[in-house]
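Read-outs throughout are calculated quantities, based only on the coordinates presented, and are distinct from any laboratory measurement. For clarity, every value in this text was computed on a predicted model and none was experimentally measured. Every residue, glycine as well, gets a Cβ built from its backbone with ideal geometry; the counts of neighbours run over all protein chains shown.
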Amino acid sequence: MNPQPSLWSLMAYGAEGFGDEFLTGLLFTLQISVCGYILAFVLGLLGAGAKLHGNKALYRVGDLYTTFIRAIPELLLILMVFYMGGRALTQLFVGIGLADRDFQVTPFAAAVAALGLIYGAYLTDIFRGAIQAIPKGQIEAARAYGMHAPMRFRRIIFPQMIRYAVPGMGNQWLNITKDSALVSVIGAFELLFAAKSAASQTKHYVFFYSVGGLCFLGITIVSMIALQHIERRTSRGVRRA
Amino acid sequence: MTIEQCYAFLNTEPGPGFNLCYTLVTVFPALIKAIPISLLLLVTSGIIGNLLAVPVALARVSRNPLLWMPSYSFILLMRGTPLLVQIYLIYYGLGEVFGQMTLFGQPLMKALPFLRDGIYYAIFALSLNTAGYTGEILRGAILAVPHGEIEAGRAFGMSRWMIFRRITLPRAIRICLPAMSTETILLLKATALASTITVYEVLGTAQFLRSQSYRIYETLLSAGIVYIVLVFILTRILNWLERYLNKDRERPLAIPMAQTVKP
């Protein structure tokens, strides 16, 4: 009876093992997380602006956005963006003659759009709270100096807002890396998808899902350490009691 | 249109448009029938998870490394990995383990056919996940209980267990109530993940209908509406519960606050 080869040999890099698949998956997970987070950042700023602008209609729009996105399960939102958004875009583009009939939204684009949409809603409220935490007098002072709105935002609001928002933003970054696993459902080749395909090919479910989970845990731990540094850096110059 | 006409229309015209009839006659009743499964997942894993969270939090605040270290790693594992990975690991992983086991000379899966049902694995995974998240919340709340109250309990000659039962736990639960209601809403949304391991709750049913009819707007939008309504109702219930549990310390009407608001 020949000795059972170690399970870790399945993680070899190359055609035999699944090491390269996992590495591709890891990179894809990081890519969609970063791109989704950038989109969420922009959407969050726009949402916070809409909610704080003072215009009632704009507030309604921002409020509806955050309420609906938070009430719908993330998995369903990803499916909605992939299938519904994909089909709507196809119909639109084919309709105006921009694309052929075989035009399709890639899982990457759908994943980024969905993650950005979801976390944009969470970041909206984080940014809103952070902007409200800035003393009113400072904004008034900037106005008294004759700064126009973009300059006020760039010089007074944004730098201070980021300081207040960093803890919440860090939490949402941790969440977005974890929720990026959900896009394996729409066939995006990320970490969990790599684990899934490796597990179903070899029937070593426990091993491959554990490895996948450990990869995610690694991302989380590295992010947590990095976030601690960022938090310390953004709050430098703040007097502590 | 009668139902027969509706179905005739459905079967003959698989067009890309929105079919209201199909939505109202087929999708919504099916989704409403699936709501109890979602709620079953929510209630059972909520109860089991919150009960498990108490020992997890207690072990976490202990000074004994044999207690806090396992608890810390459990919380880190639950919070540091995606829930979907946990669900897959439990469903497929336990399936792999159970598949090799035998009971009374029979394969285990054959002897206990309920082990094939995904819902038990979903409840198991959701409970563990909730225990991890709530354990961390409860830990913060236990640490936030004012020290003087525990000392007062000690001065009354209460035993440690009695102090915990009468002072620490009720106080801690009250402190973490707002965080717990957020957690419950998140758990309701997390039950949708059970659809990936063939549990036909609301999203699972919607996915089944979608794969059957190739109608995406009707099925996915309806599921979204169902979840929005569920979350809305649950938020109301939790708000009421929070107010009910805090009845004795209800603030007088917010008149002093109103004066600080700019006209």
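Here are some notes:
- Helix B:118-144 axis, angle to chain B major axis (alpha carbon atoms, nearest 10°): 30 degrees
- What the Cβ-Cβ distance of residue B:154 and residue B:179 gives, at R0 = 25 Å and to the nearest 0.05, is a FRET efficiency of 0.35.
- Relative contact order for chain B, counting Cα pairs under 8 Å that sit 6 or more residues apart, in percent: 27 percent
- Shielding by other protein chains, B:85-94, mean Cβ within 10 Å: 6
- Calculated from backbone phi, Karplus (6.51, -1.76, 1.60) coupling profile of the stretch B:69-86 in Hz, x at Gly/Pro: 5, x, 5, 4, 5, 4, 5, 4, 5, 5, 8, x, 10, x, 4, 5, 5, 4
- Per residue of B:208-221, other chain Cβ atoms within 10 Å of the residue Cβ number 2 on average.
- In summary, the lysines within cross-link reach of residue B:33, defined as a Cα separation below 28 angstrom excluding same-chain residues under 8 places away, comprise B:189.
- In degrees, nearest ten, helix A:191-202 long axis to first principal axis of chain A (Cα): 10 degrees
- Partner lysines for residue A:51 [C-alpha distance under 21 Å; skip if fewer than 8 residues away on the same chain]: A:136, B:262
- Size of the stretch B:3-247 as Cα extents on the principal axes (Å, biggest first): 80, 55, 28
- Over all directions, the projected convex hull of the C-alpha atoms in the protein assembly as shown averages 34.9 nm² in area.
- Taking only the C-alpha atoms of chain A, the Rg (one decimal) and the largest Cα-Cα distance, Dmax (whole number), read 22.1, 86 Å.
- For the options B:85, B:199, B:145, a Gaussian network treatment of chain B with springs between C-alpha atoms closer than 10 Å singles out B:85 as fluctuating the most.
- Cβ-based exposure ranking for A:58, B:128, in which fewest neighbours within 10 Å come first: A:58, B:128
- Vicinal HN-Hα couplings computed from phi for the stretch B:43-58 (Karplus, 6.51 cos²θ - 1.76 cosθ + 1.60; Hz; Gly/Pro x): 6, 5, 6, x, 5, 4, x, 5, 5, 5, 5, 5, x, 4, 5, 5
- Applying both filters, DSSP loop and at most 13 other Cβ atoms within 10 Å, to the trypsin sites (Lys or Arg not before Pro) of the stretch A:123-211 gives A:203.
- Positive minus negative residues near residue A:119 (Lys, Arg vs Asp, Glu; Cβ under 10 Å): -2
- Crossing angle, helix B:177-190 versus chain B [Cα axis fit, 0-90 degrees, rounded to tens]: 20 degrees
- Estimated dipole of the stretch B:3-247 in Debye, rounded to 20 [Cβ of Lys and Arg +1, of Asp and Glu -1, Cα centre]: 980 debye
- Each label point was placed 7 Å from the Cα along the Cα-to-Cβ direction; for residue A:149 and residue A:30 their separation is 3.9 nm.
- Estimated from the Cβ-Cβ distance and a Förster radius of 25 angstrom, the FRET efficiency linking residue A:106 and residue A:201 is about 0.55.
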